[in-house]
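First up is the structure itself, then whatever we jot down about it.
The values are calculated or read from the model by the stated rules, or taken from the named source; none is laboratory data. These numbers come from a predicted model, not from an experiment. Quick reminder, even Gly has a Cβ in these numbers, built from the backbone with ideal geometry, and neighbours come from all protein chains shown.
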Protein chains: 2
Amino acid sequence: MADINSKLEIGVTTGPIRGSRKVHVGPYNVAMREIDLEPSSGEPPLRVYDTSGPYTDPDVQIDIQAGLAPLRRQWQLDRGDVEEYAPRDVKPEDNGQLGPDRSGGVPPFPTALRRPLRAKAGANLSQMHYARRGIITPEMEYVAARENLGRAIAREASSGGESWGASIPLNVTPEFVRDEVARGRAIIPSNVNHPECEPMAIGRNFLVKINANIGNSAVASDVASEVDKMVWSIRWGADTVMDLSTGRNIHDTREWIIRNSPVPIGTVPIYQALEKVGGVAEDLTWDIFRDTLIEQAEQGVDYFTIHAGVRLPYVPMAAKRVTGIVSRGGSIMAKWCLAHHKESFLYEKFDEITEIMKAYDIAYSLGDGLRPGSIADANDEAQFAELYTLGELTHRAWKSDVQVMIEGPGHVPMHKIKENMEKQLQVCGEAPFYTLGPLVTDIAPGYDHITSGIGAAQIGWYGTAMLCYVTPKEHLGLPDRDDVKVGVVTYKLAAHAADLAKGHPAAQMRDDALSRARFEFRWRDQFNLSLDPDTAEEYHDQTLPAEGAKTAHFCSMCGPKFCSMQISQEVRDFAAKQNQTADGFLAAEKWGADTAAASKAAAEEGMREMSKVYHDKGDNLYLPAEEAK
Amino acid sequence: MADINSKLEIGVTTGPIRGSRKVHVGPYNVAMREIDLEPSSGEPPLRVYDTSGPYTDPDVQIDIQAGLAPLRRQWQLDRGDVEEYAPRDVKPEDNGQLGPDRSGGVPPFPTALRRPLRAKAGANLSQMHYARRGIITPEMEYVAARENLGRAIAREASSGGESWGASIPLNVTPEFVRDEVARGRAIIPSNVNHPECEPMAIGRNFLVKINANIGNSAVASDVASEVDKMVWSIRWGADTVMDLSTGRNIHDTREWIIRNSPVPIGTVPIYQALEKVGGVAEDLTWDIFRDTLIEQAEQGVDYFTIHAGVRLPYVPMAAKRVTGIVSRGGSIMAKWCLAHHKESFLYEKFDEITEIMKAYDIAYSLGDGLRPGSIADANDEAQFAELYTLGELTHRAWKSDVQVMIEGPGHVPMHKIKENMEKQLQVCGEAPFYTLGPLVTDIAPGYDHITSGIGAAQIGWYGTAMLCYVTPKEHLGLPDRDDVKVGVVTYKLAAHAADLAKGHPAAQMRDDALSRARFEFRWRDQFNLSLDPDTAEEYHDQTLPAEGAKTAHFCSMCGPKFCSMQISQEVRDFAAKQNQTADGFLAAEKWGADTAAASKAAAEEGMREMSKVYHDKGDNLYLPAEEAK
């Protein structure tokens, strides 16, 4: 817990993930992770994508009070289109200090006053702007190296896939990254004031990404545990983190998070704006909102959720739903629109917001304020009306070369998921889709990481670029550290399942390495290659804790004398002996194929017979009991 | 823990699931569960399918030493085609008593020696046989009432669905059940010697079912905990339970389980047969296997997994896989085939096995001994060669009116799942598919209930009739009580998601009831309507333990002043006030629709513009950086 009156004590988890080493690749020292396998495997280390930042690098001295090194600062200065300036003053209301029960209490981040950067007059700092002018930035080079991860040697590891129209390259070049960013199909969130961020891309032709939400609220949490959760979530694989704080100390909490985050940070600025007007939606104004955008832009927020698609005429559509409006931002704006009977100021002032986004390179995450909050409300007119408006706004932002992604639902039964993806791709011109789940049923609170993981894997397969995690506490309470980990690992496996199904050329390498380890009883490799080595080993040890069991050629499910893997090894040895020449083996294969074909023919013949029985009875499904005799 | 030398002490969980009452419906007293809602909801109780048996009925005195009441015994006697006879003697090797380290230790089930039933000479007890003769059995009546569950009043609750060719009726009649069983599209597993079983159906036109595996092994578990796990798994929704014991005391453990089980029990007889020959696969004989089938038939096992599709010629196909043969039964048979260089005795003696199945009404669960054990091996020739043989055997069994379901994979990436379902439906004439998962990636040991839950929801949607659960311990250790619950709830939600997506007419009732409770802050209703009320409440209480919070109109995620549901209620009230006449409301709707249409047109225009930019550059995706400027 933080001592709120003196120096903030923040403990975070550091050190390598077990069995792994940090490696750095190429001229930009792109951080990756390598998992060493046992010598008996005869296999090289497996390289995996690494979101954990310097926290897993034993060579880096972590100092939360100082923040991370500004990796990107020089790249930005070198481009010559930025200027330092005196920032806006931090106001008491930035930290929610409006009354006695909201009296701050978090010390400001301790480094000397930083002078923020912004675009020189007339300049546009967005990666999309550079991309469209044909410039390959260091950020794009970094992304290419990061995404390309062992892909060249892994092509043969893919067993096909159905990408639903995506264009996943065999090899990711910097030029490919530039082109994807230029056409709006991918974004590289990279606020000029968040130089600590390791560049990453969100787009359907890159690895599927995941986001973890953290943030305090008026009833729980504090800044130390939020920083800890951020570091903890990226350790297990979160590609971006959203700070959804709504209570007091919003400004300072965010500063601590951003200064220590190697991944892009997203926020929903309307939350803080609402705090500034004491929680009364009707009192929100464009000026207060605009000031909040500048405040957060100067701190380095990489993407803003903006609910500009919640327009006045759509509000009545939501009123008749089972669960109304479940997005906080959406309900705030709906209330504002109704109270003033005016069009949303986010929609009206969209181009002014865009000017701010340009000046810092903040990406839009166009919020789905009218997303369905229940199976009953999925794919309804309110949801799609908003989506069309998000499409319109996407193209307006693109006219200013500002990066955009689109937020998506929510609660959607499986048969309605694909329509969401297809409409989004069509209406938003393939701008990256960023979905929350979706949850495929409403009946399992306590397990909504799973109900939503099912939907997430599917929509990720269909083309969603980033999946926003859901924790076991969804709908019930604020996630703690354990919930964050379960949420991240669940979404990591869903994203990976999507990459596999899309036919990502390198995805299957890890599955195959782990499966070989499993078949050969290399237990330690099996643990280390998994998404969560600690849990895998702990579960194994609950039944077989002895150290010897980690090299045993059996496990607790079947015991030593009953192991299918063991028997299967014997079968393999036997088969090898029986078929020492290739001819012998091929002959056995052909025999097998012929037998299978004969079997198939017999099965089909049986089916025809059965079909005939019913046909003879006049194809009558509901034959009366007497006649059926 | 059991005291193995005296009376067996077995503790099981009894009493109603919180917020629920047991009800009995119709002439056969079909057991169901009703969830009462708070009076403020103005809603009737919600009726849900109930697998938990008498254990959740406070009016029933549970005595594990006596077993459950023989619900079906009189129905069987009334049919007049059975005879009582002196059973086979229990032999020491039935309990694995072959050596000093396997010396039994579990007392036999304490009731006086029961005389088993079997078909009179020439008779056939299978439900399929009755069905094909046009007889509607009490079992079919029971199933119809059970499946029909509130469906009549729930038709309007479904928001469509894609059933992939299933024929789900609006109303389940006994005649519909008979017809589905007659044509082999559903089975009612119901061994004449398991009269304690409450009839249930497995078929693509019924609710998707789930199975829980329990069973000890040579390294862990004991009989008391297995009985406890059985009762625990059906409490949370397991529709059938498989006893996969492989260690000692197999016979007695099974007897305790069956006598106390209100759900069908499945086994893999080859496991016990192998124990009888000291674990040496080559020493298996048809006589030992046949004797084991009779032993288990007399005890009342409702379905047998028989790996008759692992034929000698297919073995070489599996030898070259990444993970070879991962099915225990499959690997045993493969080893036997190779060692003797003979065709599998299960395949050769299939018709003799069928004669046994007929005499007791045991259903085939044709085992997929060559299922893939890794993503790399999915949908390969070994797997499908076996499937064709299973199709052939399905039709052979059907010629004798014996019930059949087909076991399926395993490990399959998402894009290859549908092919499994389509091939199975085609080759096996729509016999019910019963799949393990499938796991959609190999890289998450410790989370394989989730990797497999993703695949299970999808294949359930496509038409799988029963999903075999996977627990978090899969690949790592034996599941304990907590793992069993997590596995069951995960699969229950996957099965329900599949029912929703198929458009099951009553499935959405529960989602809607829970969503209304959520929107109206009826916290207790929200807990009680969920699949796991205890966990839901526990998670809620971790952040807001006060009793008052259960009636509070907010939660810990957003706090009292920031609640989207609350704001949304206000929006609804406001909208209602603004549009007091239907005309006003409709006018607002129309305005919304027009605005959305305009927005859509704008979005599409933007898309065309973007497309033109690329077209003008010659549709060249990989434009060199210089030219792109």
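Assorted remarks:
One line per residue, one yes/no per condition, for (1) assigned by the TED database to the domain that holds A:Pro45; (2) aromatic (Phe, Trp, Tyr); (3) in contact with a Pro (Cβ under 8 Å, 6 or more places away or on another chain):
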residue: A:Val486; (1), (2), (3): yes, no, yes
residue: A:Gly503; (1), (2), (3): yes, no, no
residue: A:Arg516; (1), (2), (3): no, no, no
residue: A:Phe519; (1), (2), (3): no, yes, no
residue: A:Trp523; (1), (2), (3): no, yes, no
residue: A:Glu537; (1), (2), (3): no, no, no
residue: A:Thr543; (1), (2), (3): no, no, no
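- First in region A:512-525 and more than 7 Å from every other protein chain (Cβ to nearest Cβ) and under 19 Å from A:Ala546 (Cβ atoms), second anywhere and part of a helix (DSSP H, G or I) and of a type in the set (A, V, I, L, M), Cβ under 6 Å, 6 or more apart: A:Asp525/A:Ala517
- Residues satisfying the stated conditions in region A:306-322, i.e. in contact (Cβ under 8 Å) with a residue 60 or more places away in the chain, crowded, with 24+ Cβ neighbours inside 10 Å and not charged (D, E, K, R): A:Ile306, A:His307, A:Ala308, A:Gly309, A:Val310, A:Tyr314, A:Ala318
- Scanning region A:82-122 for residues that are at pLDDT 80 or above, surrounded by fewer than 19 Cβ atoms within 10 Å (Cβ to Cβ) and more than 22 Å from A:Arg248 (Cβ to Cβ) yields A:Glu83, A:Glu84, A:Tyr85, A:Ala86, A:Arg115, A:Lys120, A:Ala121, A:Gly122.
- Scanning region B:395-410 for residues that are touching a residue at least 60 places away in the same chain (Cβ under 8 Å) and in contact with a Gly (Cβ under 6 Å, 6 or more places away or on another chain) yields B:Trp398, B:Glu407.
- When the test is whether a residue is in contact with a Phe, Trp or Tyr (Cβ under 9 Å, 6 or more places away or on another chain), in contact (Cβ under 8 Å) with a residue 12 or more places away in the chain and farther than 17 Å from A:Gly96 by Cβ, A:Ala297 passes it.
- Qualifying positions in region A:398-416 - surrounded by 24 or more Cβ atoms within 10 Å (Cβ to Cβ) and more than 9 Å from chain B (Cβ to nearest Cβ): A:Val402, A:Gln403, A:Val404, A:Met405, A:Ile406, A:Glu407, A:Gly408, A:Pro409, A:Gly410, A:Val412
- Applying the criterion of at least 1 residues that are closer than 25 Å to A:Phe433 by Cβ, in contact with a helix residue (DSSP H, G or I) (Cβ under 8 Å, 6 or more places away or on another chain) and modelled with pLDDT of 90 or more to the helices (runs of 4 or more DSSP H) found wholly in region A:462-572 leaves A:481-502, A:508-519.
- For B:Glu352, the stated conditions hold: it is in contact with a Lys or Arg (Cβ under 8 Å, 6 or more places away or on another chain), more than 10 Å from every other protein chain (Cβ to nearest Cβ) and of a type outside the set (Gly, Ala, Ser).
- For region A:354-397, filtered to residues that are surrounded by fewer than 24 Cβ atoms within 10 Å (Cβ to Cβ) and of a type in the set (A, V, I, L, M, F, W, C), the residue that is farthest from A:Asp81 (Cα to Cα) is A:Ala376.
- Search result, residues across region A:386-414 that are out of contact with any Lys or Arg (no Cβ under 8 Å at 6 or more places or on another chain), part of a helix (DSSP H, G or I) and either among the polar types (S, T, N, Q) or within 30 Å of B:Tyr462 (Cα to Cα) (or both): A:Thr394, A:Met414
- Test: residue in region B:232-242 that is under 20 Å from B:Ser52 (Cβ atoms), away from chain A (no Cβ under 13 Å), of a type in the set (Ser, Thr, Tyr) and touching a strand residue (DSSP E or B) at 6+ places or on another chain (Cβ under 7 Å): yes
- Within region A:286-305, being acidic (Asp, Glu) and out of contact with any strand residue (DSSP E or B) (no Cβ under 6 Å at 6 or more places or on another chain) holds for A:Asp287, A:Asp291, A:Glu295, A:Glu298.
- If the condition is being under 18 Å from the mean Cα position of the chain (by Cα), of a type outside the set (S, T, N, Q) and under 26 Å from B:Glu355 (Cα atoms), then region B:391-424 contributes B:Val404, B:Met405, B:Ile406, B:Glu407, B:Gly408.
- Entry remark, region A:431-458: residues being within 15 Å of A:Ile202 (Cα to Cα) and within 11 Å of chain B (Cβ to nearest Cβ) number 1 in total.
- Among the residues making up region B:497-511, those that are touching a residue at least 60 places away in the same chain (Cβ under 8 Å) and either among the acidic types (Asp, Glu) or more than 7 Å from chain A (Cβ to nearest Cβ) (or both) are B:Ala498, B:Asp499, B:Lys502, B:Gly503, B:His504, B:Pro505, B:Ala506, B:Ala507, B:Met509.
- Within region B:1-20, being modelled with pLDDT of 90 or more and buried (at least 16 other Cβ atoms within 10 Å of the Cβ) holds for B:Val12, B:Thr14, B:Ile17, B:Gly19, B:Ser20.
- Checking each residue of region A:344-361 against the condition of being farther than 24 Å from A:Asp283 by Cα, in contact with a His (Cβ under 6 Å, 6 or more places away or on another chain) and at pLDDT 95 or above gives no match.
- Subset of region B:577-592 that is facing chain A (nearest Cβ under 7 Å) and in a helix (DSSP H, G or I) - its residue that is modelled with the highest pLDDT: B:Gly592
- Looking only at residues in region B:464-483 that are more than 10 Å from every other protein chain (Cβ to nearest Cβ) and surrounded by 24 or more Cβ atoms within 10 Å (Cβ to Cβ), the one that is farthest from B:Asp243 (Cα to Cα) is B:Thr464.
- Within region B:249-274, the residues that satisfy the criterion of being surrounded by 24 or more Cβ atoms within 10 Å (Cβ to Cβ) and in a loop (DSSP other than H, G, I, E, B) are B:Asn249, B:Asn260, B:Ser261, B:Val263, B:Pro264, B:Val268.
- Only residues that are surrounded by fewer than 24 Cβ atoms within 10 Å (Cβ to Cβ) and not in a helix (DSSP H, G or I) were counted across region B:324-342, and they come to 2.
- Residues in region A:282-294 that are without any contact (Cβ under 8 Å) to a residue 24 or more places away in the chain and of a type in the set (D, E, K, R): A:Asp283, A:Asp287.
- Of the residues in region A:176-199, not one is within 12 Å of another protein chain (Cβ to nearest Cβ), farther than 30 Å from A:Arg79 by Cα and out of contact with any helix residue (DSSP H, G or I) (no Cβ under 8 Å at 6 or more places or on another chain).
- Among the candidates B:Ala444, B:Ala382, the residue that is without any contact (Cβ under 8 Å) to a residue 24 or more places away in the chain, hydrophobic (A, V, I, L, M, F, W, C), in the same structural domain as B:Asn124 (by the TED database) and touching a Leu at 6+ places or on another chain (Cβ under 8 Å) is uniquely B:Ala444.
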